[in-house]
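K.L.:
Sharing a structure here in structure tokens format.
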Amino acid sequence: MAGPGEGQTPPPAGFNPTLLVILVVVGFFVLFLVGHAAMYFYAQSVLPPKRKKAVSQRKLKRERLKQGVSIPGE
């Protein structure tokens, strides 16, 4: 009769496959985030600033009427 612990093989000394997969996935995710942050900051420094939308003539007239300013030609 074998005593406790006899006949059992010790766990293999090496990389745990689950841990390896998790490390690879987390590594790719961190690389993805860092890459996107780098591209964002690069684009902010290189691209020209966005132009504001032009205000329509109708809105300008309405604002002037609210303020009581007479519109020339009307």
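The values are calculated or read from the model by the stated rules, or taken from the named source; none is laboratory data. Computed from a prediction, not measured in an experiment: that's the story for all the values here. Glycine gets a Cβ as well: all are built from the backbone with ideal geometry, and neighbour counts include every protein chain shown. Each accessible area value is taken on the protein alone, full model and side chains, heavy atoms only, with ligands, DNA and RNA left out. Shrake-Rupley method; radii C 1.70, N 1.55, O 1.52, S 1.80 Å.
K.L.:
Over the stretch 17-66, what percent of the accessible surface lies on carbon and sulfur atoms, probe 1.4 Å? Could you put the intermediate results ahead of the total?
P.N.:
Details: 3740 of 5270 Å².
Summing carbon and sulfur atoms, their accessible area is 71 percent of the total for the stretch 17-66.
K.L.:
I've got another one for you. Mind giving me the nanometre distance, one decimal, between the label points for Leu31 and Gln67, set 7 Å out from Cα along Cα→Cβ?
P.N.:
5.6
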